[in-house]
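Q: One structure, pasted below without further comment.
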Amino acid sequence: MKKIVFLTIIIFCVMATESSYCIDQNIKPYEYIEEQLNSMQIWKLEEYLKGEELLNNINIKTFLLDVARGKKNIFDIINKDVLSTYLFREIRTNLKIFISILILSVISSLLKNLDNSFSSGTISKLSNYVIFLVLVSLTFIGYKEVLYICSTTIENMSRFMEIVIPIEIAILVTLGFPITSATLSPIFLGAIAFITMVFKRFIVISMTLAFSILIINSISENLKLKKLFSFIKQFNIFSVGAILTLYLGIISIQGIYITSFDKLSMKTVKFAVGNFIPIVGNLVSDSIDIVLSSSYLLKSVIGSLGLIILLSICLLPIIKIACILLVYKISAAIIEPISDDNIASYINEVGNLIAVSLASLVVISMIFFITMAILASIGNIARI
């Protein structure tokens, strides 16, 4: 009889403990998300966003919570008025460059016609050299600005990735991906540092060299380096493409088997907890699911925000460089019938160099986008 009473008391105690445990564990996912945000260095992200022209000045923690709750859209962070204002401002600015090139070409054509009518051609050559030197100065300033914009944009994206990657990696650890986190973190950070260094130390220098060779080709009648100019230009395109291919290959190979290990270990832990811990095993397993679901939601929101911020960092510079490129290409097409062939060819080749620089920026931006997308989707893929 005593044994029956004792057993009954134990059962009631366990049931009471389980009920209270259920009440304590019935925490809203958003409360857990807020706790995670408090433990992360979100303030670094907020400090970084203050300098971005295309983004609204917001409290990043409150914004992430509102997005997680469905109160706000992730795109609400974008200041849409700035985009249209910036576009029209760039069109006005580059219109001045277009007018300057057009005026110089018309003057060159007029001087050439006058010289052919009244002299032997000496004045025409001299005037063409003077006008060409003015064009070189104008295009040099423009191309220097293009390279500066590319370098600054890539450096800004690199600094942002150095802030957001540790945050995403920390969430991956809480989701049960320690091997993935330990492996991909140095790969991502190392690749970003390497890409930034390659662009600043190699691509910028080689493109500057190509611009110098272009000037020599256009001025000198005896010394021609067209093949060297073409080689440097094509080699830069090949280098950027090779970096993208190599990076994607490494990330794909690493991600396939490493994520599988973490997925297997996580399922093993949940199975062991649910089946081998008496009475409360299933409850603990369900609690783990709630915590993981909250972490998945937070990681997805931060990943989406990261993609939008990356877009805001590179979008305005890409628009600016695209406007400059358009000006040079249109100018070359318009002045070709009225100016010296040398001038039109030079303006067109400067446009080609700007196109290579723009392509490099777009490809490197794609690498950062892919990195952010992989981080945002690792856990979600593993759940399938």
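Q: Just checking, which of F194, F202 is exposed (fewer than 15 other Cβ atoms within 10 Å of the Cβ), closer than 30 Å to P166 by Cα and in contact (Cβ under 8 Å) with a residue 24 or more places away in the chain?
A: Details: F194 fails: in contact (Cβ under 8 Å) with a residue 24 or more places away in the chain.
Exactly one residue qualifies, and that residue is F202.
Q: Report, by residue number, each residue of the stretch 337-354 that is surrounded by 16 or more Cβ atoms within 10 Å (Cβ to Cβ) and more than 20 Å from Y129 (Cβ to Cβ).
A: Answer for the stretch 337-354, where residues must be surrounded by 16 or more Cβ atoms within 10 Å (Cβ to Cβ) and more than 20 Å from Y129 (Cβ to Cβ): G351, N352, L353, I354.
Q: Just give me the residues in the stretch 41-94 being within 19 Å of the chain's Cα centre (by Cα) and either of a type in the set (G, A, S) or in a loop (DSSP other than H, G, I, E, B) (or both), in sequence order.
A: Residues satisfying the conditions are K50, G51, E52, E53, L54, N56, N79.
Q: Picking from F211, F229, F202, which residue would you name as being among the aromatic types (F, W, Y) and modelled with pLDDT of 90 or more?
A: Step by step, each of F211, F229, F202 is checked, and only F211 is among the aromatic types (F, W, Y) and modelled with pLDDT of 90 or more.
Q: Sort through I370, I308, I334, I319 and tell me the only one that's in contact with a strand residue (DSSP E or B) (Cβ under 9 Å, 6 or more places away or on another chain), part of a helix (DSSP H, G or I), surrounded by fewer than 20 Cβ atoms within 10 Å (Cβ to Cβ) and touching a residue at least 24 places away in the same chain (Cβ under 8 Å). Write out each step before concluding.
A: Working: I370 fails: in contact with a strand residue (DSSP E or B) (Cβ under 9 Å, 6 or more places away or on another chain); I334 fails: in contact with a strand residue (DSSP E or B) (Cβ under 9 Å, 6 or more places away or on another chain); I319 fails: in contact with a strand residue (DSSP E or B) (Cβ under 9 Å, 6 or more places away or on another chain).
Result of the check over I370, I308, I334, I319: I308.
The values are calculated or read from the model by the stated rules, or taken from the named source; none is laboratory data. Computed from a predicted structure; not experimentally measured. Positions of Cβ are backbone-derived with ideal geometry, glycine not excepted, and every protein chain shown enters the neighbour counts.
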